[in-house]
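A.B. asks: Can you read through this structure? Questions will come right after.
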Amino acid sequence: MKKRRYLLSGMIGLLLLSACFFLYNKNSRPVILEFGMFTGSNWDVASANSFKIFDRAIADFEKNHPNVKIHYYSGIAKEDYSEWCARKLLEGKTPDVFMVLDSDFDKFTSLGVMKDLEDLMSSDDNFHKEDFFATALDTGRNGGHQYALPYEVVPTLMFVNKSLLAKEGIDMPKEDWNWE
């Protein structure tokens, strides 16, 4: 009877030790986040700094989160990126974070591929919607939900040549002016 108790106690102890080792080993492994991006810009304008920006952001993130490593797919041409994303989606290997072409945005939100960011944005004290150009931020909204944040923005602006208006005797428009 004593042998059974010792044997049972030993097995339980070994089981607990194994569980502790498994949990410790699982928590000590780095978390790998996959990041998908395409080469170039949305407007087919070459940018020598695009990878530098990502590399710096990734380095800062990994420094602040030492158990997280970012792996990013690069070198995917913009014209091949939609197909690459679709293939990853079908394989069940969609990156954790990825750039979304404006031509794919509605498709991905309607398929439920993208996460609604509203709760994350409101619970993050360091996130401020006011830091974004409102129109650019709205491009990542669909159906009243925020699914994406802008990365590159080329705003459309209206300017007025004051001296030309004065020369032609035209009054300076008020701040609410438009093309009409």
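A.B. asks: In region 63-92, how many residues are part of a helix (DSSP H, G or I) and not polar (S, T, N, Q)?
C.D. replies: 14
A.B. asks: Need the failing condition index for Met158 against (1) in contact with a Phe, Trp or Tyr (Cβ under 8 Å, 6 or more places away or on another chain); (2) farther than 30 Å from Ala86 by Cα; (3) surrounded by 13 or more Cβ atoms within 10 Å (Cβ to Cβ), just the number.
C.D. replies: Only one criterion is unmet by Met158, namely (3).
A.B. asks: Could I ask something else about it? Among the numbered conditions (1) under 24 Å from Ser74 (Cα atoms); (2) exposed (fewer than 11 other Cβ atoms within 10 Å of the Cβ); (3) not assigned by TED's automatic domain parsing to the domain that holds Glu34, tell me where Gly92 comes up short.
C.D. replies: So Gly92 meets the others, but not (3).
A.B. asks: List the pairs whose first member sits in region 85-105 and is closer than 19 Å to Asn42 by Cβ, whose second member is of a type in the set (Lys, Arg) and in a helix (DSSP H, G or I), and whose Cβ atoms are under 8 Å apart, counting only residues at least 6 apart or on separate chains?
C.D. replies: The qualifying pairs are Pro95/Lys88; Leu101/Lys78.
A.B. asks: Among the candidates Glu62, Glu118, which residue alone is modelled with pLDDT of 90 or more, loosely packed, with under 15 Cβ neighbours inside 10 Å and acidic (Asp, Glu)?
C.D. replies: Residue meeting the stated conditions: Glu118.
Here is a yes/no grid of residues against (1) farther than 30 Å from Trp179 by Cβ; (2) surrounded by fewer than 11 Cβ atoms within 10 Å (Cβ to Cβ):
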residue	(1), (2)
Asp102	no, yes
Phe108	yes, no
Ser123	yes, yes
Thr135	no, no
Tyr151	no, no
Lys167	no, yes
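A.B. asks: Pull up region 112-134, narrow it to residues that are free of Cβ contacts under 8 Å to residues at least 12 places away in the same chain and among the hydrophobic types (A, V, I, L, M, F, W, C), then point me to the one that is nearest to Leu90 (Cα to Cα).
C.D. replies: Ranking the qualifying residues of region 112-134, first place goes to Leu120.
A.B. asks: What about Lys78, is it more than 16 Å from the chain's Cα centre (by Cα) and basic (Lys, Arg)?
C.D. replies: yes
A.B. asks: Just to be sure before I move on: is Asp119 within 24 Å of Val31 (Cβ to Cβ), in a loop (DSSP other than H, G, I, E, B) and charged (D, E, K, R) in the structure I sent?
C.D. replies: Considered against the rule, which asks whether it is within 24 Å of Val31 (Cβ to Cβ), in a loop (DSSP other than H, G, I, E, B) and charged (D, E, K, R), Asp119 comes out as no.
A.B. asks: I would also like to ask the following. If the Cβ limit is 7 Å and pairs must be 6+ apart or interchain, which residue in region 58-83 that is touching a residue at least 12 places away in the same chain (Cβ under 8 Å) pairs with which residue that is in a strand (DSSP E or B) and of a type in the set (S, T, N, Q)?
C.D. replies: Cβ pairs passing all conditions: Ser74/Thr39; Gly75/Thr39; Ile76/Thr39; Ala77/Thr39; Lys78/Thr39.
A.B. asks: Does Phe51 satisfy the condition of being part of a helix (DSSP H, G or I), within 14 Å of the chain's Cα centre (by Cα) and aromatic (Phe, Trp, Tyr)?
C.D. replies: no
The values are calculated or read from the model by the stated rules, or taken from the named source; none is laboratory data. Only a predicted model underlies this, so the values are computations on that prediction, with no experimental measurement involved. Glycine also receives a Cβ, built like all others from the backbone with ideal geometry; neighbour counts cover every protein chain displayed.
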